[in-house]
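Heads up, the thing below is written out as structure tokens.
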Amino acid sequence: MPHYSVKTVYEKIIGPKPVIHWDNMVWNWLNIPKNRFICWLEVQGRLQTTANLARFGVSNTANCLICGQADEDHKHLFFACPYSSRCISALKLWLGISYSTSNLKQLMRFIAHGRMSKFRKQVSFAMLAAAVYAVWSSRNSCFWNASFPTVQNMVARVKKNVRDRILFVLPKNVTRRDSLWFATLLVGAVASVFVAVGLLCMLLQLGSMVAKISTPMEGSGHLGLSDSTMVNEMQGGSTRG
Ligand SMILES: [Zn+2]
């Protein structure tokens, strides 16, 4: 008698499943939850880009809202557009990814098959997901507010979001080597905090120096001792003379 299982019947009904290569990236544990959803739409080409809206007759133009140099489809927005290309280049540099492509699918494949640890792959996927979300957010800001963040601001925000998320859900089985590598990603943030604290200290010192210089002058002016003494001395000196 043949073995019966619900799984076998279900698989026969739905037919062969399509092979996908993006599940590790989209459903990565280190991704920020809202980034997962936008990434899931992106990998299926279901974000309502201007090119899609123009095809449905909703938009008069298919041009990229950010650069206006090409049709705003998924391939252009992630990451062939000059704006998003500069952002992803800076983020690849941050994680030490030397693969020279701005194509999201190729980047995903490179990371998935790369010779790096599981943790580093997860961090790289989290960065990609955050970058996709940030570019989509910038594009929407362009549409609704007619402005979008600079590349530097966008990159800084993505780095901060990725760092914060990973620190929040840091897996326990991270090797010492990976921990050291991740610590190097935190150095930039710590350095900027130190610079900010240093500048604050300098300003406070400068403020106290100004206060010290100005206090005796104000004091003498307020009491009027030195001025009157000087006047007396001058008058006395002139009389004596
Ligand atoms: Zn563009």
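Checking the structure you have, find out if any residue of segment 73-83 is closer than 30 Å to Phe168 by Cβ, surrounded by fewer than 17 Cβ atoms within 10 Å (Cβ to Cβ) and not charged (D, E, K, R). No. Of the residues making up segment 132-168, those that are under 8 Å from the mean Cα position of the chain (by Cα) and not aliphatic (A, V, I, L, M) are Asn153, Arg157, Lys159, Lys160, Asn161.
Annotation note: Cβ proximity below 9 Å between a residue of segment 154-173 that is farther than 18 Å from Arg120 by Cβ and a residue that is of a type in the set (D, E, K, R) (sequence gap 6+ or interchain) occurs for Val155/Arg86. Under the condition of being of a type outside the set (S, T, N, Q) and near the ligand (Cβ under 10 Å from one of its atoms), the residues counted in segment 47-72 number 8. Return yes when Asn28 is modelled with pLDDT under 95 and within 16 Å of the ligand (Cβ to nearest atom) and no when it is not. Considered against the rule, which asks whether it is modelled with pLDDT under 95 and within 16 Å of the ligand (Cβ to nearest atom), Asn28 comes out as no.
Of all the residues in segment 90-102, those that are within 16 Å of the ligand (Cβ to nearest atom) and surrounded by fewer than 16 Cβ atoms within 10 Å (Cβ to Cβ) number 0. Highlighted here are the helices (runs of 4 or more DSSP H) found entirely within segment 1-63 that include at least 2 residues which are surrounded by 13 or more Cβ atoms within 10 Å (Cβ to Cβ) and in contact (Cβ under 8 Å) with a residue 40 or more places away in the chain: 23-26, 33-43.
The values are calculated or read from the model by the stated rules, or taken from the named source; none is laboratory data. This structure is a prediction, so every number in the text was calculated from the model and none was measured. Here the Cβ is made from the backbone with ideal geometry for all residues, glycine too, and neighbour counts use every protein chain on show.
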